[in-house]
1. Looking at Ser175, Ser92 in this structure, which one is hydroxyl-bearing (Ser, Thr, Tyr) and outside any loop (DSSP other than H, G, I, E, B)?
2. Any residue in the range 189-201 that is free of Cβ contacts under 8 Å to residues at least 40 places away in the same chain and at negative phi sitting within a Cβ distance under 6 Å of a residue that is in a helix (DSSP H, G or I) and surrounded by 21 or more Cβ atoms within 10 Å (Cβ to Cβ)? List the pairs, counting only those 6 or more apart or interchain.
3. Would you tally the residues in the range 210-219 being assigned to a loop (DSSP other than H, G, I, E, B) and either of a type outside the set (Lys, Arg) or crowded, with 22+ Cβ neighbours inside 10 Å (or both)?
4. Tell me, please, whether a residue that is of a type in the set (Asp, Glu), more than 22 Å from Asp203 (Cβ to Cβ) and either touching a Lys or Arg at 6+ places or on another chain (Cβ under 6 Å) or not in a strand (DSSP E or B) (or both) can be found in the range 47-70.
5. Can you tell me how many residues within the range 8-37 are of a type outside the set (A, V, I, L, M), surrounded by fewer than 21 Cβ atoms within 10 Å (Cβ to Cβ) and part of a strand (DSSP E or B)?
6. Here are the criteria: (1) surrounded by 14 or more Cβ atoms within 10 Å (Cβ to Cβ); (2) under 18 Å from the mean Cα position of the chain (by Cα). Tell me which single one Asn40 does not satisfy.
7. For the range 202-231, which positions are without any contact (Cβ under 8 Å) to a residue 24 or more places away in the chain and hydroxyl-bearing (Ser, Thr, Tyr)?
8. Among the residues of the range 199-209, are any modelled with pLDDT of 90 or more, part of a strand (DSSP E or B) and farther than 24 Å from Pro2 by Cβ?
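The values are calculated or read from the model by the stated rules, or taken from the named source; none is laboratory data. Fair warning: this is a prediction, and the values are worked out from it, not measured in the lab. Glycine also receives a Cβ, built like all others from the backbone with ideal geometry; neighbour counts cover every protein chain displayed.
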Amino acid sequence: MPQTVVEVRNLTKRFERVTAVDGISFEIYQGEILGILGPNGAGKTTTIQMLLGVTTPTGGQIRIFGLELGRHREEILGRVNFSSTYVSLPQSLTVGENLRVFAQLYQVRNAREKIEHLLSVFEISHLRDTVTRKLSTGQLTRVSLVKALLNDPKILFLDEPTASLDPDIADKTRSLLKSIRAESGLTILYTSHNMKEMEEMSDRIIFLNKGRIISTGTPAEILNRFQGEDLEEVFLKVARGKAGL
């Protein structure tokens with residue numbers, strides 16, 4: 001039985017009259033890539049924000065590495081990291097300055113060598129001295145991914161990490177993440193609106209709709225339940241209210 005590294009029980013988040021996440025429960029196992037799928041407003045990003053301690057749950061419990069997040073947030077966050085297309089870095093610093101700041105925060109050993117290696121892996125070494133505000137969205141995404149791997153995280157939370165990347169870089173990013181997972185046992189929580197990507201990356205999928213889990217299982221099990229040819233067809237059925245829920 002694989003080790004459970006994230007355990008969520010009855011997690012709920014309300015914003016005034018809106019319930020963004022409605023009593024969901026799930027586990028993530030060591031070395032697993034768990035995909036969270038759902039239409040806009042399903043609760044995916046809010047769930048990740050609660051797992052990172054950025055947003056306080058209205059109710060429920062989050063345990064990571066066996067520790068309660070509310071009581072051990074600093075210890076937990078030192079062993080995880082996060083990347084999103086929609087989160088910006090300080091705009092007045094250069095790429096290198098941004099990464100050195102984060103390396104110091106994470107107490108990364110041999111930070112200069114680690115930064116140079118990751119810049120090379122993501123093919124952005126030439127942007128090292130570029131002021132961050134001058135970067136394109138795709139370039140910013142790659143810098144964010146470099147930042148997310150600086151501390152050799154045990155768990156990586158990725159919110160649409162390839163949304164602004166061209167097909168070549170997106171494919172290389174997916175291959176890199178799978179390679180790191182194979183070598184180190186990295187656990188990944190992954191969201192994307194690219195259905196082909198979700199099928200390729202995910203060992204299991206949690207399908208959210210209106211803040212609730214409507215299905216969970218391997219991609220093949222999800223397709224079988226909703227009788228879809230692929231995840232895009234299933235997604236459209238759910239988004240358009242034709243899934244028979």
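1. Values: Ser92 fails: outside any loop (DSSP other than H, G, I, E, B).
Exactly one residue qualifies, and that residue is Ser175.
2. Listed by first residue and then by second, the contacts come to Glu199/Pro219; Glu199/Leu231.
3. 2
4. Scanning the range 47-70 turns up no residue that is of a type in the set (Asp, Glu), more than 22 Å from Asp203 (Cβ to Cβ) and either touching a Lys or Arg at 6+ places or on another chain (Cβ under 6 Å) or not in a strand (DSSP E or B) (or both).
5. 12
6. So Asn40 meets the others, but not (1).
7. Within the range 202-231, Ser215, Thr218 qualify.
8. yes
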